[in-house]
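Let me begin by presenting the structure, written as structure tokens, before commenting on it.
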Amino acid sequence: MGPFARFDGHEQVVFARDEERGLTCIVAIHSTRLGPALGGTRWRPYASEEEALEDVLRLSRAMTLKNACAGIDHGGGKAVIVGDPATERSEALLRAYGRVIASLGGRYVTACDIGTTPDDMATIKRETPWATGADPMHGGSGDSGVTTALGVELAMKAACAFHFGSEDLAGRHVAVQGLGKVGGRLVRSLAEQGAKLTVADIAEAAIDRVADLPGVDVTSVDDVLFTDADVVSPNALGAVLTADSVPKLQAPIVCGGANNQLATDEDADRLDDAGVLYCPDFVVNAGGVIQVADELLPGGHDPARVARRAQAIPATLTQLLRVARDEGVSTEVAAERVAERRIASVGGLRGFHLPT
């Protein structure tokens with residue numbers, strides 16, 4: 001398979017390395033039909049460069065769908081830094097990465113993702129204006145996990161209303177995998193609303209932060225997805241819904257903030273065949289990208305405007321659930337159709353976004 005076949009559907013894939021500063025990264029721009037590509041930078045100790053490439057290609061395509069469904073004027077892109085942020089983070093590396101972003105001239109705008117922080121964005125921003133999500137003291141909107149968690153909660157209520165006939169989460173049993181920036185906030189909010197919660201995380205510190213909340217039980221990360229619950233909420237790494245895991249699900253709804261929860265496209269059909277209402281992750285977790293995109297609007301970040309736009313997530317989810325039901329397709333296919341229809345209707349001229 002030639003390189004262009006491998007990158008089918010992507011406008012541009014950039015490989016960059018600065019050996020002196022320890023930087024190895026890949027930037028994937030999937031689409032600029034709706035505007036500059038927007039998506040976070042993931043920093044992980046990938047087992048191989050091939051694994052990193054596979055991840056960034058999947059994530060960037062998902063960002064095109066996410067941004068289209070979120071109603072923002074951005075295409076999809078993503079970047080990965082290969083390495084361990086716990087031991088390799090440095091000003092020199094981050095500024096070298098910022099220069100890579102700057103070289104793209106505004107075709108790609110970055111933000112936080114797994115392994116990167118608002119402080120990192122502030123450092124990157126010293127080399128390029130095309131970095132969002134920095135701490136407010138550096139002119140950014142801060143931790144986008146706040147709005148992402150809000151969107152997941154609103155989507156969960158919409159899914160419960162569609163399936164159970166009521167959005168009320170009091171008394172609902174929700175199993176949450178991953179208690180980080182999104183999952184941890186979600187658990188605290190659901191506990192306040194009287195939900196019953198089964199939670200899991202690989203980090204004991206994350207568990208300790210929520211274990212004493214009312215209605216919370218702790219289980220293992222290997223078992224939490226298979227809890228006999230009303231809703232399962234994946235909020236850690238992706239590819240947790242597989243040919244092996246889907247038959248073991250006991251909850252009628254899957255609704256979480258993790259990216260790329262489906263291991264393959266066929267897993268959407270498996271969920272549909274099993275009678276599980278899957279809420280596509282790129283719709284559910286759009287709160288974060290809504291927040292960072294808001295920084296780029298005239299006048300900069302407006303928290304009230306972000307909150308209003310996040311309130312549209314449940315309506316978008318309900319729309320695609322109805323499309324899935326009425327057109328007899330999986331919810332993943334329905335979500336893609338909703339995104340593609342917006343891209344086709346307002347995407348403008350086909351081709352590269354060229355900044356002016």
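The values are calculated or read from the model by the stated rules, or taken from the named source; none is laboratory data. Since the model is a prediction, treat every value here as computed from it, not as a measurement. Cβ placement follows ideal geometry from the backbone for every residue including glycine, while neighbour counts extend to all protein chains displayed.
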Residue count, region 242-298, condition of a type in the set (D, E, K, R) and within 26 Å of G140 (Cβ to Cβ), comes to 3
May I ask you to list the residues in region 54-85 that are among the polar types (S, T, N, Q) and closer than 17 Å to L297 by Cα? N67
Positions within region 253-276 being touching a residue at least 40 places away in the same chain (Cβ under 8 Å), under 24 Å from G287 (Cα atoms) and not charged (D, E, K, R), in sequence order: I253, C255, G256, G257, A258, N259, N260, L262, A268
Across (1) in a helix (DSSP H, G or I); (2) surrounded by 23 or more Cβ atoms within 10 Å (Cβ to Cβ); (3) touching a helix residue (DSSP H, G or I) at 6+ places or on another chain (Cβ under 8 Å), G98 clears everything bar (2)
Candidate set: region 176-197, residues that are under 19 Å from the mean Cα position of the chain (by Cα) and hydrophobic (A, V, I, L, M, F, W, C); chosen: the one surrounded by the most Cβ atoms within 10 Å (Cβ to Cβ): V176
Enumeration of residues in region 250-271 that are of a type outside the set (G, A, S), in a loop (DSSP other than H, G, I, E, B) and closer than 26 Å to G288 by Cβ: C255, N259, N260, Q261, T264, D265
Can you tell me which of A236, A211 is at pLDDT below 95, outside the structural domain of T110 (by TED's automatic domain parsing), touching a strand residue (DSSP E or B) at 6+ places or on another chain (Cβ under 7 Å) and not in a strand (DSSP E or B)? A236
For the list (1) without any contact (Cβ under 8 Å) to a residue 60 or more places away in the chain; (2) closer than 25 Å to F162 by Cα; (3) part of a helix (DSSP H, G or I), I need the number of the one condition that R305 fails. (2)
Residue list for region 132-169, filter: of a type in the set (A, V, I, L, M) and either closer than 17 Å to Q319 by Cα or part of a helix (DSSP H, G or I) (or both): M137, V146, A149, L150, V152, L154, A155, M156, A158, A159, A161
Where a residue in region 123-141 is within 21 Å of V100 (Cα to Cα) and its partner, wherever it lies, is surrounded by fewer than 24 Cβ atoms within 10 Å (Cβ to Cβ) and of a type in the set (A, V, I, L, M, F, W, C), with Cβ under 6 Å and at least six apart: E127/A102; T128/A102; A134/A122; H138/A122
Looking at S144, S166, can you tell me which residue is buried (at least 19 other Cβ atoms within 10 Å of the Cβ) and among the small types (G, A, S)? S144
Just give me the residues in region 74-94 being farther than 17 Å from R44 by Cβ and either assigned to a strand (DSSP E or B) or touching a residue at least 60 places away in the same chain (Cβ under 8 Å) (or both), in sequence order. H74, G75, G76, G77, A92
Region 10-50, residues that are hydroxyl-bearing (S, T, Y) and in a loop (DSSP other than H, G, I, E, B): T32, Y46, S48
Filter region 259-293 down to residues that are among the small types (G, A, S) and crowded, with 24+ Cβ neighbours inside 10 Å and give me whichever is nearest to E332 (Cα to Cα). A268
